[in-house]
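Take a look at the structure set out below.
The values are calculated or read from the model by the stated rules, or taken from the named source; none is laboratory data. The shown structure was predicted, so the numbers you read here are calculated from the model rather than taken from an experiment. Every residue, glycine among them, receives a Cβ derived from its backbone with ideal geometry; neighbour counts consider all protein chains shown.
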Amino acid sequence: MSKSCSLSSSACSVFAFIQHRYMTMHFSFLSWHAKGVLILCATLLLSSCGSGESRVESGNRDGVLHIGNFAEPQTLDPHIHTGVPENHISMALFEGLVSAHPKTLQPIPGMAERWEVSEDGKTYRFYIRKNAKWSDGVSITAEDYRWSWERASSPMMGNQYAYMLYIIKNVEAWGNGTLKDFDQVGVRVIDEHTLEVELENPAPYFLNLLNHHSFYAVPRHVVLAHGKMTDQYTQWVRPGNIVSNGPFMLKDWKIYHQLTVEKNPNYWDADTVKLNEITFYPVENYSTEERMFRAGQIHKTEDIPLDKIPYYRANEPEKFRNNPYLGTYYYQFNVTRPPFNDVRVRRAFALAIDRKTIAKDIMYGVVDPSYSITPPGLSGYNPPKLVSFDPKEAKRLLAEAGYPEGKGFPEVDLLYNTNESHRKIAVAVQQMWKNILNVSVGLTNQEWKVYIDSRNRLDYDIARAGWIGDYVDPMNFLDLGLSSNGNNRSGYNVPEYDQMILKTIPEASSPEQRLEEFYKAETRFMTDLPFVPIYNYKTKYLVHPSVKGLHPNYLDYYYFKYVSLEKEGN
Amino acid sequence: MAISNFDETEVGQSLWQDAKQRLRKNKLAIFGLTVLLVIGLACLLAPWITPYGYEEQNLGLGATAPSWQHWMGTDNLGRDLLTRVLYGGRVSITVGLIATGVALLVGVTWGAIAGYIGGRTDAIMMRIVDIIYALPFMIFIVLLMVIFGRSLLLLFLAIGLVEWLTMARIVRGQVQSLKQLEFVEAARSMGLSQWTIIRRHIIPNAIGPVIVYTTLTIPNVMLLEAFLSFLGLGIQAPQSSWGLLISAGVETMEEYPWLLIFPGVTLSLVLFSLNFLGDGLRDALDVRASKD
């Protein structure tokens, strides 16, 4: 796209914005006549700039989906990236051994056309499709998977998601370097198209994991052409080099501008794929993104500014999507130092937070108040609700801990990373604590990396945090409390709890038994209360009505192969 | 009549009285001064003006447009904007005054000494200024805050300590040209000490550009405070300042325009007034112009 063209399109967006404003706000002091003239002017300006066709319109005609993707991807290597923007692109480029149903996320055949599970639930045998091919036509074999998983879990790779593969027998030992030989790991190539996997313990969610990018196969022949197996950030992910096995393949990548993928003719299910291309735009500012959406430059936004929500709800509800998202927003205490090493103080603070008000009045009802660390509806698991809003009990507990009416309470700070909605919630919670407990809590905001560092060093009293699930299982949330989990960051270290998570639950005899153990573990966790849940995330974004088949699901995963664009009248 | 007339002409007028009279004739300057006084007083008397506290929330109310209960409306936590503007003004005005005061004190003294003495002293002093100039200013302030911890007064001082550099350069240039003039020669020939000459003759004559620059420094400093606070180095919520209110207002200007308009108008009013007053002061204090 040339420079002048992009200039004119931004001018378009300004006029469209003006027009939009005039049509939606009621300027009662203007006569109908004046209003008509204004709208006419705005329309003329709009139509006079450029060809008059927005990206959405031309995209609908040519089968090109334009979506806002928040940030520039750090890399497209599925064994390195960790962010949500990269994941969206990865899901277009790659497909797991097992895929998932776009709505329910139940396992459905992907690269493997079928699989068998042994009676003890520990051994899986996958039959890879005979017609499974990389986008350059090279066949995908069982060895590709074995090699890729060796790469993904290799200690040399530095993959932050390597622990996801520890579910496979002996991978943990391999991953932390004590086992030097990958052949002793529970992954066996039976023949060219058959792969056998042996797990450490039976895990009903293993098939869901295979849909995660850390389990994707990468093209061995391409990776090795550009470096060794475990070399990071080599040229293999650049346009022209990278080949992939998903419904789309990389066409073009302009850093900080746009990334385009096109239909992969060698994909086994290419007939299902309806889109010709998808273009991802790294737009970090939600307000800018919303304006692009309004001007018809993108079909879908990544997010929406909170303050825009009432408008869309009232006027264009068909464009606004708000669906459950597997994640919890919580506050955590530094349990290693006073005053929050006292569970009564922690509980008093937790009970003094009015979650309903936060969800309804600050977040405009686009989130659900949360009373447990695991979100509701995780494969049949109903978490215990042990925290609620109870000012009286909160006061009593604080008094019992030695601070009646907040008297003598030390100076503490609430830490959050610089962000407008975190600030709003922090200010509101600060006021709740002040009103109910008569405790003054200071607020500290830090830039993301400093904030992560402060939490890692336990240099805080209370900190804001959030966790988005990677697979639909309570384990994904409850293992946050493990003393060895790098995302714990609260100093919570209870051997009994570690035992429950690491031993009791994985060795549970039946799925029902497993859920029961989860319930016990969470009850323990929410009684100790190192984390205080505030709300459960919900996705909130805008989608153009012409986009069909972009199904909402709990992980906010986009299965682009089912997406189609409806041509409009013109 | 004649006698009293005669008496009057006998009464000498000091430079300052002259200046006061000239300032009084300048309507814009007086307007500026009045506005500043009114806003300053309102901020000072905030608790008696509004029935609300600046941190007092009404989550059920949310953001509302200006009304009789809330003259400037409320923000999305239901806090009264007028109250927040008044309390925010306290922070902004204090930052403006203290930081500018520090900049003035250090900058003028430094520049005057360097310019008047000249030679090697001048070279060394100005190279120090150059070196501090070369330091990335953000890092400098962040370092100060890290070493001494977060406190409001320190923030004011830190900003002031960065802002004095330009002032020192301007004053030095002025002084260099002034010290060649006859009246300084005359003062020197009468045996006045160097410090007295700087204090009594040089600085008052260099005051014009200094005042103009000061009026530019104050808004600069107020915005700087907002920026630092946004990064978490300045004041912390629920406290606020005009700069912070504006930057929060910008984000929601389409939905709740009043959150931007009122703090914005207040800050602009203050800045305009400062400029008018600064202009007036410069004209009033310009000795050379008045002797024409």
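Here A:Val472 meets the list (1) within 14 Å of chain B (Cβ to nearest Cβ); (2) farther than 19 Å from A:Pro530 by Cβ; (3) of a type outside the set (Lys, Arg) almost entirely, failing just condition (1). Checked against the criterion of being buried (at least 20 other Cβ atoms within 10 Å of the Cβ), at pLDDT 90 or above and of a type outside the set (D, E, K, R), the candidates A:Val429, A:Val472 yield just one match: A:Val429.
Of the residues screened, A:Ile128 is one that is buried (at least 17 other Cβ atoms within 10 Å of the Cβ) and either in contact (Cβ under 8 Å) with a residue 60 or more places away in the chain or in contact with a Pro (Cβ under 7 Å, 6 or more places away or on another chain) (or both).
Filtering A:Asp181, A:Asp120 for residues that are under 29 Å from A:Arg514 (Cβ atoms), out of contact with any His (no Cβ under 6 Å at 6 or more places or on another chain) and in the same structural domain as A:Ala100 (by TED's automatic domain parsing) leaves a single hit, A:Asp120.
Each residue in segment B:56-93 was checked for being among the acidic types (Asp, Glu) and either more than 21 Å from A:Ile353 (Cα to Cα) or more than 9 Å from chain A (Cβ to nearest Cβ) (or both), and 2 of them qualify. Going residue by residue through segment A:437-451, is there one that turns out to be more than 14 Å from every other protein chain (Cβ to nearest Cβ), surrounded by fewer than 20 Cβ atoms within 10 Å (Cβ to Cβ) and part of a strand (DSSP E or B)? No, segment A:437-451 contains no residue that is more than 14 Å from every other protein chain (Cβ to nearest Cβ), surrounded by fewer than 20 Cβ atoms within 10 Å (Cβ to Cβ) and part of a strand (DSSP E or B). Looking across segment A:178-190, the residues that are of a type outside the set (Val, Ile, Thr) and under 22 Å from A:Gly121 (Cα atoms) come down to A:Asp183, A:Gln184, A:Gly186, A:Arg188. Restricting attention to segment A:243-284, which residues are crowded, with 23+ Cβ neighbours inside 10 Å and over 24 Å from the mean Cα position of the chain (by Cα)? Within segment A:243-284, A:Asn264, A:Tyr267 qualify. With respect to the conditions (1) among the hydrophobic types (A, V, I, L, M, F, W, C); (2) in a loop (DSSP other than H, G, I, E, B); (3) surrounded by 15 or more Cβ atoms within 10 Å (Cβ to Cβ); (4) not assigned by TED's automatic domain parsing to the domain that holds A:Trp115, A:Met157 lacks only one, and its number is (4).
Taking segment A:164-175 as the range and being surrounded by fewer than 19 Cβ atoms within 10 Å (Cβ to Cβ) and either touching a Ser or Thr at 6+ places or on another chain (Cβ under 8 Å) or over 18 Å from A:Pro506 (Cβ atoms) (or both) as the test, only A:Tyr166 passes. For segment A:176-200, give me the residue count where each residue is of a type outside the set (Lys, Arg), in a loop (DSSP other than H, G, I, E, B) and exposed (fewer than 15 other Cβ atoms within 10 Å of the Cβ). Going through segment A:176-200 one residue at a time, the tally reaches 5. Against the conditions (1) more than 27 Å from A:Gly442 (Cβ to Cβ); (2) within 13 Å of chain A (Cβ to nearest Cβ); (3) at pLDDT 85 or above, B:Glu254 satisfies every one except (3).
Condition check ((1) part of a loop (DSSP other than H, G, I, E, B); (2) under 19 Å from A:Ile362 (Cβ atoms)) across all residues:
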{"site": "B:Tyr54", "(1), (2)": "yes, yes"}
{"site": "B:Asn58", "(1), (2)": "yes, yes"}
{"site": "B:Trp71", "(1), (2)": "yes, no"}
{"site": "B:Leu77", "(1), (2)": "yes, yes"}
{"site": "B:Thr83", "(1), (2)": "no, no"}
{"site": "B:Tyr87", "(1), (2)": "no, no"}
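In segment A:131-147, is there at least one residue being surrounded by fewer than 17 Cβ atoms within 10 Å (Cβ to Cβ) and among the basic types (Lys, Arg)? The answer is no, given that none of the residues of segment A:131-147 is surrounded by fewer than 17 Cβ atoms within 10 Å (Cβ to Cβ) and among the basic types (Lys, Arg).
Given A:Val429, A:Val387, which one is of a type in the set (Val, Ile, Thr) and in a helix (DSSP H, G or I)? Every option except A:Val429 fails the conditions.
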